Structures are given as C-alpha cells and as structure tokens.
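Have a look at the structure below before the remarks.
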Amino acid sequence: MVLMNKNDLTLVAVLVILLGGTGVYAEDWQVGEKWTYKHEGPRPFSDSSTKVEGDRTTEVTAIEGEGDKKRYLLKNHWGTSDINPSTSYIDTKNLIHKIDVEGIATLLLKPPVPAVWKLKVGEEKTVKSQMDVGGFVMTIEYKAKRLEDETLTVPAGTFEKCQHIQVVTTMENPMGEPMNTKTDLWHHPKVRNLVKDVTVTNFGAPNSYTGTSLLKSHTTKKK
C-alpha cells in the first residue's frame, strides 16, 4: 500500500460517498458489461478546476466467490487521465463491502453500504458506516430519500420512469472539518445502472461546485 498523507485520505474517503449512491442491479450483471458517461463540470471531490478528460466509465471486470461471499467487481475510470481507478466489491444484495483505489489504498466498509437504495417514493433512510483505510477509521452518514420518478433524455436515449434518489452524505475529514456532499441519482432497470447523476461537492458551503454525468452507452459482452 502506498503511504498516504491527509489529502490522499480525504480523497479516498469522498470516493466512497459517490460510490455509495450508485444505482446498480448486481444480480443481472455480466463480466464485460460497461457503462460510458459524458461528464460535465469538474470531477467531484477534487480541485474545482480539475476537468475530466474523455469519458467516465464503469465496467464489470470479474465475478468472484459463491453464495454470501459472491462479489461483483466494478472498475471505475474518471476519464483517460485517471491514474487511480477504483474497483468496488458488491454483493448480491447490492451492498459495497470493499473498494480498491489503485495506487492509494483499500477501503473496508463496516457495515457495508448500499450500492442501490431500494426505497418507495417519499421514503427516507439513514445509514451510518465505519470506513477503515489502512488503520484510519472514519464515520460516514448517508441520508437517502426517493423523489418522484422522472423521464430523462441523455445521449444514450430517452428513459421513462427513472428512479430518482437523493443522497446527502456527511463526514469529517482527517483535520476534523465537516464535509457534506449531495448527489442526485437517476437509475433505470433497462440499463441496470445510472442514467444520470449530479454531485454537489462541499454542499452548503461557499466553495461548492457541481459535476454531472450523463449515460452515453451501455454495452454487454457478446457470448
């Protein structure tokens, strides 16, 4: 593991915030399945001047284990210049247990956090989790609520009745400063993942900024 400084640790922590809200359907995934997104605005959780070069992608790279130990491995790249892609380990109940961030660290989540929020319209849910990063332990609180379904048009097409989930995440960085993020997620069973997401980094603060990802394509590996 690469020795981390406090800034690295903060980056690792906030990566979980975004992944924790990802709308996915693990029971249907196939190795080689891939989602490609057009990203607009700065990369979430980085410097507000940081741009995403090229497309953001998520791909199922492997399926490991059986029964309760079965895990779907999803690799995430934020554009062509991303030198620290992350791989999430998600079980058949759509819970994230671990995230490997290349060149930085392995994150362990106890209890595991939802990768999909299965809520009825108007329903809310709060989840707290302990994140262990190389012996550093942080508490992350997720407050999720399901809003009204929406029809969205993105580069990949028009999707009716997208499930809209809003997640506000709160934690403290290694310096003890509060960090808040608001992410709106729209997912659809046809693509088994996100159609759109909008993330407000430093939510509620004067230095907040917004990044938006829109689905361009969803492909599966030919059998």
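Which of these values of Cα extents along the principal axes in Å was calculated from the structure shown: (1) 74, 36, 31; (2) 44, 42, 36; (3) 57, 37, 29?
Checked against the structure: label (2).
Starting with the fewest neighbours, write out D149, D82 ranked by other beta-carbon atoms found within 10 Å of each beta-carbon. Don't jump to the answer; show the numbers that get you there.
Details: D149 14, D82 17.
Final ranking by Cβ density, sparse to dense: D149, D82.
Of L147, L194, how do they rank once you tally other Cβ atoms within 10 Å and put the fewest first?
Values: L147 14, L194 24.
Fewest to most other Cβ atoms nearby, the residues stand as L147, L194.
Fewest first, what order do I63, I83, I99 take by the number of other Cβ atoms within 10 Å? All intermediate terms of the calculation are to be shown ahead of the outcome.
On the way: I63 14, I83 9, I99 24.
Going from least to most buried by this count: I83, I63, I99.
With +1 on each Lys and Arg Cβ and -1 on each Asp and Glu Cβ, how big is the dipole of the chain about its Cα centre, in debye rounded to the nearest 20?
Numbers: 29 positive and 28 negative charges, 103 e Å.
Roughly 500 debye, rounded to the nearest 20.
Set the Förster distance to 30 Å, then compute FRET efficiency between E53 and V137 from the Cβ-Cβ distance, nearest 0.05. Don't skip to the end; give the middle numbers.
On the way: r = 34 Å, r/R0 = 1.12.
Between E53 and V137 the formula returns 0.35.
A short reminder: the numbers here are calculations on the coordinates, not readings from a lab. Just so we're clear, the structure is a prediction, and the values are computed from it rather than from any experiment. Positions of Cβ are generated from backbone atoms using ideal geometry, with glycine treated the same way; all protein chains shown enter the neighbour counts.
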